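Scroll down for the structure; my scribbles are underneath it.
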Amino acid sequence: MRFLSNLVNAKKRKKRWVVLTAYDAPTAEIVEQAGVDWILVGDSLGMVVLGYPSTAEVTMEEMIHHCKAARRGAPNAFMIGDMPLKGVEKGPRQALDSAHRFLDEGRCDAVKVEWGPKAPEIMERLIGAGIPVMGHLGLTPQTASTMGGFRTQAREAGSALETLRRAKLLEKLGVFSLILECVPADVAKAITGALKIPVIGIGAGAHCDGQVLVIHDVVGLFSKFTPRFAKRYCEAGQLIRKAVGRYAAEVRSGRFPQKKHSFGMDREELRLFLEQSRGR
Ligand code: KIV
């Protein structure tokens with residue numbers, strides 16, 4: 001309760017939340033040290049790390065494995081675990097078991113549940129059990145195939161009103177925050193203004209209370225496609241490719257390793273070794 005009222009008060013003071021994904025220990029460590037507000041172990045993991053064609057393939061085991069890793073790297077961050085489709089599709093009972101695994105094994109502080117046919121019942125059950133839940137409306141990648149693919153949502157008055165209705169319902173159910181993905185900026189502005197909880201946008205314009213992006217998009221590590229809303233702040237993929245190219249060239253030319261990269265041994269031990277290894 002205190003947590004929720006702190007968020008509502010921070011929103012009143014016009015706080016802007018910075019949220020970023022991370023899926024492993026070294027990245028989570030960097031993201032925590034850089035000072036983001038919340039780390040999301042998103043099921044985007046499936047596409048940007050595990051090489052699946054969509055997020056629908058991600059399993060609970062994979063999510064828990066990566067939450068554990070991220071937590072080792074970021075022991076103090078507020079960390080949200082993304083409930084994969086395979087962890088919620090059977091309904092509230094399965095979702096409650098999955099959410100407990102995120103908290104107990106994955107050591108997350110909260111879970112995120114994407115909108116879907118059973119989302120309100122699932123959220124009600126989780127929140128009733130005292131689990132902090134974040135909602136996710138607009139483009140919901142787990143069910144994108146039923147929405148005509150990865151495309152902007154709520155572009156017509158009717159679907160925009162439906163998104164607003166769902167947002168209000170989730171707030172009433174007690175979610176502590178909401179992600180709005182790929183909706184027109186004006187719709188996101190109206191929804192942000194209508195809710196007391198922080199609305200975190202991704203492809204939802206500048207009027208949300210905060211922003212979330214996928215780290216691989218931010219640093220240029222995922223190049224299969226770049227969503228229009230994702231700003232690249234560096235080209236880590238190019239840097240890594242260059243570094244690997246130099247490593248390969250140096251191994252092939254004999255320039256690596258040098259003496260400083262090698263280990264020596266006591267001269268007498270070496271003499272004995274060479275003497276005794278002869279003829280073996
Ligand atoms: O899985 C994820 O990374 C997400 C964000 C894109 C919001 O859900």
Identify all residues within the stretch 122-173 that are out of contact with any helix residue (DSSP H, G or I) (no Cβ under 8 Å at 6 or more places or on another chain), in contact (Cβ under 8 Å) with a residue 40 or more places away in the chain and not polar (S, T, N, Q); write none if there are none. Met134, His136, Ala144, Arg166
Options Arg228, Arg246, Arg241: the member that is at pLDDT below 95 and over 17 Å from the mean Cα position of the chain (by Cα): Arg228
Taking the stretch 43-61 on its own, how many of its residues are surrounded by 19 or more Cβ atoms within 10 Å (Cβ to Cβ) and over 18 Å from His216 (Cα atoms)? 1
I'd like the full set of residues that are assigned to a loop (DSSP other than H, G, I, E, B) and either in contact (Cβ under 8 Å) with a residue 24 or more places away in the chain or open to solvent by less than 10 Å² (accessible area, probe 1.4 Å) (or both), limited to the stretch 90-115. Gly91, Glu105, Gly106, Arg107, Cys108, Asp109, Trp115
Between a residue in the stretch 176-192 that is within 22 Å of Glu124 (Cα to Cα) and in contact (Cβ under 8 Å) with a residue 60 or more places away in the chain and any residue that is open to solvent by 10 Å² or more (accessible area, probe 1.4 Å) and in a helix (DSSP H, G or I), which pairs come within a Cβ distance under 8 Å, given they are 6 or more apart or on different chains? Phe176/Phe3; Phe176/Leu4; Phe176/Leu7; Ser177/Leu7
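Which of the residues that make up the stretch 245-280 are surrounded by 10 or more Cβ atoms within 10 Å (Cβ to Cβ) and not in a loop (DSSP other than H, G, I, E, B)? Working first, answer last.
If we filter the stretch 245-280 for residues that are surrounded by 10 or more Cβ atoms within 10 Å (Cβ to Cβ), which is where we start, we get 245-251, 255-257, 270-273.
Within the stretch 245-280, Gly245, Arg246, Tyr247, Ala248, Ala249, Glu250, Val251, Leu270, Arg271, Leu272, Phe273 qualify.
Please verify whether Arg71 is in a helix (DSSP H, G or I), at negative phi, in the same structural domain as Ala206 (by TED's automatic domain parsing) and surrounded by fewer than 17 Cβ atoms within 10 Å (Cβ to Cβ), treating the condition exactly as stated. Talk me through it step by step, then tell me what you get.
Numbers: in a helix (DSSP H, G or I): yes; at negative phi: yes; in the same structural domain as Ala206 (by TED's automatic domain parsing): yes; surrounded by fewer than 17 Cβ atoms within 10 Å (Cβ to Cβ): no.
For Arg71, the condition - in a helix (DSSP H, G or I), at negative phi, in the same structural domain as Ala206 (by TED's automatic domain parsing) and surrounded by fewer than 17 Cβ atoms within 10 Å (Cβ to Cβ) - is not met.
Every residue, every condition in (1) outside any helix (DSSP H, G or I); (2) over 21 Å from Met60 (Cβ atoms), yes or no:
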position	(1), (2)
Glu121	no, no
Leu126	no, no
His136	yes, no
Thr143	no, no
Thr146	no, yes
Gln153	yes, yes
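The values are calculated or read from the model by the stated rules, or taken from the named source; none is laboratory data. On a predicted model such as this, the values are computed, not experimentally measured, just so you know. Reconstructed Cβ throughout: ideal geometry from the backbone, glycine too, with neighbour counts over all protein chains shown. When the accessible area is computed, the model is the full protein with side chains, heavy atoms only, and any ligands, DNA or RNA have been set aside. Shrake-Rupley method; radii C 1.70, N 1.55, O 1.52, S 1.80 Å.
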